[in-house]
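This report concerns only the one structure given below.
The values are calculated or read from the model by the stated rules, or taken from the named source; none is laboratory data. Note that the coordinates shown come from a computational prediction; the quantities given were computed from them, not determined experimentally. Ideal geometry is used to build each Cβ from the backbone, glycine not excepted, and the neighbour counts take in all protein chains shown.
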């Protein structure tokens with residue numbers, strides 16, 4: 001079993017629709033999803049603001065590489081083209097962090113199985129963070145600790161979360177200027 005934090009963003013075409021389609025595709029493994037946030041683009045390329053959200057996903061049959069492949073599939077379904085690094089995009093899906101259950105351990109309860117599924121259940125004593133320096137999937141995401149558009153939506157759904165190798169996300173947010181990040185509703189509203 002693995003649990004992953006995914007950051008999704010869009011600033012081309014109909015961003016809300018691209019994000020809604022991605023969340024719908026994730027529904028079978030979706031544990032929680034944040035509201036929508038309007039954020040300024042990150043990086044050197046002038047472009048429109050993004051809509052961003054964070055999703056927490058869990059699956060007994062998916063490893064860290066599987067989350068990366070799923071992210072790529074979601075981007076391809078949205079017509080993503082990689083022409084300019086940090087440029088505008090129909091859909092961007094980043095794998096921020098992954099926790100796995102060591103072989104032979106008991107998985108935490110899932111929603112509807114008799115107890116609340118909290119963050120500590122996800123990264124508790126029976127799970128461990130995946131650390132990877134693979135060029136296709138560096139974990140945790142190498143720039144997540146400095147990106148408010150990742151951390152603020154994540155904090156909405158898991159305020160006690162800890163970014164592996166960096167610390168509590170609330171402390172990371174406190175060190176950033178997040179004044180330009182605006183919650184603009186949810187996919188259901």
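Numbers below:
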{"quantity": "Lone qualifier among 8, 26 - being in contact (Cβ under 8 Å) with a residue 40 or more places away in the chain, assigned to a helix (DSSP H, G or I) and either closer than 20 Å to residue 139 by Cα or in contact with a helix residue (DSSP H, G or I) (Cβ under 8 Å, 6 or more places away or on another chain) (or both)", "calculated": "26"}
{"quantity": "Test for residue 75: is it modelled with pLDDT under 95 and outside any loop (DSSP other than H, G, I, E, B)", "calculated": "yes"}
{"quantity": "Qualifying residue in region 111-130 (condition: surrounded by fewer than 19 Cβ atoms within 10 Å (Cβ to Cβ) and modelled with pLDDT of 70 or more)", "calculated": "yes"}
{"quantity": "Residue within region 11-22 that is part of a strand (DSSP E or B), at pLDDT 90 or above and surrounded by 16 or more Cβ atoms within 10 Å (Cβ to Cβ) present", "calculated": "no"}
{"quantity": "Qualifying residues in region 126-137 (those that are part of a strand (DSSP E or B) and touching a strand residue (DSSP E or B) at 6+ places or on another chain (Cβ under 6 Å)) - the one nearest to residue 6 (Cα to Cα)", "calculated": "129"}
{"quantity": "Count of residues meeting criterion [in a strand (DSSP E or B) and either modelled with pLDDT of 95 or more or out of contact with any helix residue (DSSP H, G or I) (no Cβ under 7 Å at 6 or more places or on another chain) (or both)] in region 29-56", "calculated": "12"}
{"quantity": "Matching residues in region 25-46 - criterion: being exposed (fewer than 15 other Cβ atoms within 10 Å of the Cβ) and touching a strand residue (DSSP E or B) at 6+ places or on another chain (Cβ under 9 Å)", "calculated": "28, 40"}
{"quantity": "Residue match in region 59-71 (condition: touching a helix residue (DSSP H, G or I) at 6+ places or on another chain (Cβ under 8 Å), part of a loop (DSSP other than H, G, I, E, B) and under 22 Å from residue 158 (Cβ atoms))", "calculated": "yes"}
